[in-house]
Amino acid sequence: MSYRLDYLDQLESEAIHILREVAGQFERPALLFSGGKDSITLVHLALKAFRPGKFPFPLVHVDTGHNFPEALEFRDKLVEQLGEKLIVRNVEDTMRKRHLAEPKGKFASRNSLQTYTLLDVIEEFQFDACIGGGRRDEEKARAKERIFSVRDEFGQWNPKLQRPELWTIYNGRIDKGENVRAFPISNWTELDIWNYIRREKIDLPSIYFAHEREVLEHEGQLVATSRFIQLDPSDKVSVKRVRYRTVGDMTCTAAVESSATGIDAIINEITATKTSERGETRIDDRVSEAAMEDRKKNGYF
Amino acid sequence: MDLLRFITAGSVDDGKSTLIGRLLYDSKNIMIDQLEAIGRQSKNREDGEIDLALLTDGLRAEREQGITIDVAYKYFSTPKRKFIIADAPGHIQYTRNMVTGASNSDLVIILVDARHGVVEQTRRHSIIASLLNIPHVVVAINKMDLVGYSRNVYNDIVIDYAEVAKTLGLSDVTYIPISALNGANIVDRSEELSWYDGGSLLEILENVEVQNSVNLTDARFYVQYVIRPQVEELHDYRGYAGKILSGTYRKGDKITVLPSGLESTIASIEIAGKEVEEAFAQQSIILHLKDDIDISRGDLIALSGSQPQVEQDLEALLCWMGNKPLVIGNRYLLQIHSRLVKAVVKDIDYRLDVNTLQKEPSPTMIGLNDIVKISLKTASPVPFDSYNKLRTTGGAILIDETSNVTVGACMIQ
């Protein structure tokens, strides 16, 4: 018998270990589910960590109202198959309740408003730990994130006060009102995720695969036309064959031109690409050099 | 394809950031948009070259407040291996940062400036590497371009470092001359260094044997979580979920639960819903036992033939990471994997000078970055192995009960 573990097996085992640490250390954890490939992978890992038992946490989706319909359909189908609990909270409700202003502009994104809803749902259910699908290779603020990351009462991340994380020992002790964000796939790269999805034959929403879509070209990025986006007369709109490399809101996620209809083709394209995942597909990170750092400090996961 | 976790030890002055930038760039793990971003930041430079060191640049909070966050992680891969780099910033808090990054590393790259040779900092990094028991050491003699790629300079440094390695008992040391700035011997071998007959740094990283640092003889498994589905058809199901830290477990093996000492036999082993005959180190599994005995999170399941020590009085080398001083008689929490116990620091034997290895007996003020030998008394027995024998069950953290902050890293003796 060979006692060697392939790198994907090591990453998988590490993620399962972290999920079980969350279950063992916290009273009311939750798994933040966005409908994207990273959180779908997390759900798959949770199955491996806890079946035949139930998940020791509900899935929580913060719905901005700007989601791709395909992602929402997929979410509901997946939850039904799993037989696990899903909590959905809408950013629109938070906006009404808290009299928040609707963001303006061409690509008016509710991305930053999600944080309000997230902090509200944490308080409503008294969650003490939220599992997220953040990866350190995504962005440089994420590269410095701990696997167990403590947030204060205001949900804020304080980069100065991070706890040293040694060996595979995770210190999840917190005071009342604080919570921990736990990141089981911290050490996975985009390509690791895709290779794992291929190996495990994990289902994904259809928008990850090449399809025809009406898009608008904006500063080199392709944004799907939808009722959430203002079209100007000068806009160049055309139908292109595209797929999504990440799935966020329709207002802040760009598509890439692609003819890849299967996982192998996608992996080939990603291996060959010269642009990073966030650089190619996220409109929200372009605002400033430190966009992610600022959002995280304010409670974003 | 396997996985290597390594740490780079050195400061900006040694060219550490340039080295990491170069590894990522030359192995084609940098994307155009990332390169453009650092290109914009490099514009102010007079020579117009892109500054690869900026790839490891920190957050705005770090730049503005002059602080550094302990460790940043970087990822790259080649067809042979996936690599995780723990990039620990140098300067003031270096001991704490390097200890943190080293705790999960299988290899350390110690950077030496060819112009300066083995200096105090080199010794410090090597001492920490030996305390943390990192299996492989690569001494990268950098800035060879500034000494005319001289073979003699390189040889002298190798002779000097061999003394350090001997004193510390470092057994696996590889030497390599490089120029991170020019990319010499990083990914591709270099013409200027044709007198050097070893592989490039990347070849060394790709070929170092990682498997031999995995212990397959002493079976250790800490229970993280007990799985008990509350449904009729599975009402007898009781699975102990955890990760095998070392050794192997087979169906039918006799086991001992620690610290209770209760014994049983493995009825079955599950990995992700599938039953297996045998499981081994680093796998996350579910164990089922023949007998219904009292086991909960924090218990260690060992094979009856090879048990760890179980004690309440522990001796440890402690790296202090708290901003407040360590006080004899203070109570802390000791966490070793899933086991959490109250502990009192009974005595501080000596402070270890990380530059000289000298022991200062009975020190009074213990502050951030100090490494001390301590005696601990725990409220209940703790199963462990000596850190030098097993890194996985010999490492533990100390937590301040009042602030919940991790204040120390213990290497149990």
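Simple rule: put +1 on each Lys or Arg Cβ and -1 on each Asp or Glu Cβ in the protein assembly as shown, find the dipole, and look at A:111, A:281, B:364; the Cα lying farthest toward the positive end is B:364.
Taking amide hydrogens as placed 1.01 Å from N in the peptide plane, the amide H of residue B:304 sits under 5 Å from those of B:254, B:255, B:256, each at least 5 positions away in sequence or on another chain. Compute the acute angle (0 to 90°) between the alpha-carbon long axis of helix B:120-131 and the principal axis of greatest extent of the alpha-carbon atoms of chain B; round to the nearest 10°. Helix B:120-131 sits roughly 20 degrees off the main axis of chain B.
Remark: for residue pairs A:48/A:85; A:240/A:274; A:77/A:236; B:82/B:377, the C-alpha separation exceeds 29 Å in A:77/A:236; B:82/B:377. Straight-line cross-link partners of residue B:243 among the aspartates and glutamates, defined as a Cα under 12 Å from its Cα and at least 8 positions apart when in the same chain: A:12, A:14, A:21, B:270. Taking GluC sites (Glu not before Pro) across the range A:148-196, the ones in a DSSP loop with at most 15 further Cβ atoms lying within 10 angstrom of their Cβ are A:153, A:178. At most 15 other Cβ atoms within 10 Å and a DSSP loop assignment: could you name the GluC sites (Glu not before Pro) in the range B:271-328 that fit? Listed in order of number, the matching sites are B:277.
FRET efficiency for the pair residue A:206 and residue A:104, taken as 1/(1 + (r/R0)^6) with r the Cβ-Cβ distance and R0 = 35 Å, rounds to 0.65.
With R₀ fixed at 25 Å, the C-beta to C-beta distance from residue B:265 to residue B:234 puts the FRET efficiency at about 0.75. Can you work out the FRET efficiency for the pair residue A:87 and residue B:172, with r the C-beta to C-beta distance and R0 = 45 Å, to the nearest 0.05? Efficiency at R0 = 45 Å is approximately 0.30.
Taking Cα centre as origin and charging only the Cβ of basic (Lys, Arg, +1) and acidic (Asp, Glu, -1) residues, the dipole magnitude of the protein assembly as shown rounds to 840 debye. Each of A:63, A:249, A:175, A:152 was scored by other Cβ atoms within 10 Å of its Cβ. Arranged with the fewest first, they read A:175, A:152, A:63, A:249. Each DSSP beta bridge with both residues in chain B is either parallel or antiparallel, and the antiparallel ones are about 75%. Averaged over the residues of peptide B:220-229, the number of Cβ atoms from other protein chains lying within 10 Å of each residue's Cβ is 4. Per-residue ellipticity at 222 nm from helix content only, as computed over the protein assembly as shown with -39500 (n - 2.57) for each DSSP H run of at least four residues, stands at -7500 deg cm²/dmol. Using C-alpha pairs below 8 Å separated by at least 6 residues, the relative contact order for chain B is 12 percent. Computed from phi, the 3J(HN,Hα) profile of the range B:143-148 under the Karplus parametrisation 6.51, -1.76, 1.60 (θ = phi - 60°) reads 6, 4, 4, 7, 10, x Hz, with x in place of Gly and Pro.
Shape of the protein assembly as shown from its Cα gyration tensor (a ≥ b ≥ c, root eigenvalues): rounded if a/c is under 1.5, otherwise prolate when a/b > b/c, or oblate? The shape class here is oblate.
The order of the peptides A:230-242, B:107-119 by mean Cβ neighbours within 10 Å, most packed first, is B:107-119, A:230-242. Placing unit charges on the Cβ atoms of the charged side chains and taking the dipole of chain A about its Cα centre, the candidate lying farthest along the positive direction among A:3, A:169, A:95 is A:169.
In loop segments of the range B:247-302 as defined by DSSP, the trypsin sites (Lys or Arg not before Pro) with at most 16 further C-beta atoms inside 10 Å of their C-beta are B:251, B:290.
Averaging the Cα positions of each part gives two centres, and for the range B:288-358 and the range A:186-233 these lie 47 Å apart. Ranking A:62, B:150, B:179 by Cα position along the charge dipole of the protein assembly as shown, where only Lys, Arg, Asp and Glu carry charges on their C-beta atoms, puts A:62 farthest toward the positive end. Between the amide H of residue B:105 and any residue lying 5 or more places away or on another chain, no distance stays under 5 Å, with hydrogens modeled in the peptide plane. Residue by residue along B:73-83, Cβ atoms of other protein chains within 10 Å of the local Cβ number 4 on average.
Only beta bridges with both residues in chain A are counted; by DSSP, about 60 percent of them are antiparallel.
Projecting label points 7 angstrom from Cα along Cα→Cβ for residue A:4 and residue B:160 puts them 3.9 nm apart. About its Cα centre, the dipole of the range B:220-303 is roughly 360 debye, where the only charges are +1 on Lys and Arg Cβ and -1 on Asp and Glu Cβ. Listing A:228, A:183, A:125, A:55 from fewest to most neighbouring C-beta atoms within 10 Å gives A:125, A:228, A:55, A:183. Label sites at residue B:250 and residue B:274, each approximated as a point 7 angstrom past Cα along Cα to Cβ, lie 2.0 nm apart.
Inter-chain neighbour count for A:16-29: the average number of beta-carbon atoms from partner chains within 10 Å of each residue's beta-carbon is 5.
Whole angstrom only: what separates the Cα centroid of the range A:20-84 from the Cα centroid of the range B:364-402? The distance from the Cα centre of the range A:20-84 to that of the range B:364-402 comes to 37 Å. For the pair residue B:403 and residue B:2, label points projected 7 Å from Cα toward Cβ lie 4.0 nm apart.
As a proxy for reagent exposure, ranking B:144, B:411, A:95 by other Cβ atoms within 10 Å from fewest up yields A:95, B:411, B:144.
All of the numbers you see were taken from the coordinates with simple rules; none came from a lab. All values reported here derive from a predicted model rather than from experimental measurement. Cβ sites come from the backbone with ideal geometry, for glycine too, and all protein chains shown count toward neighbours.
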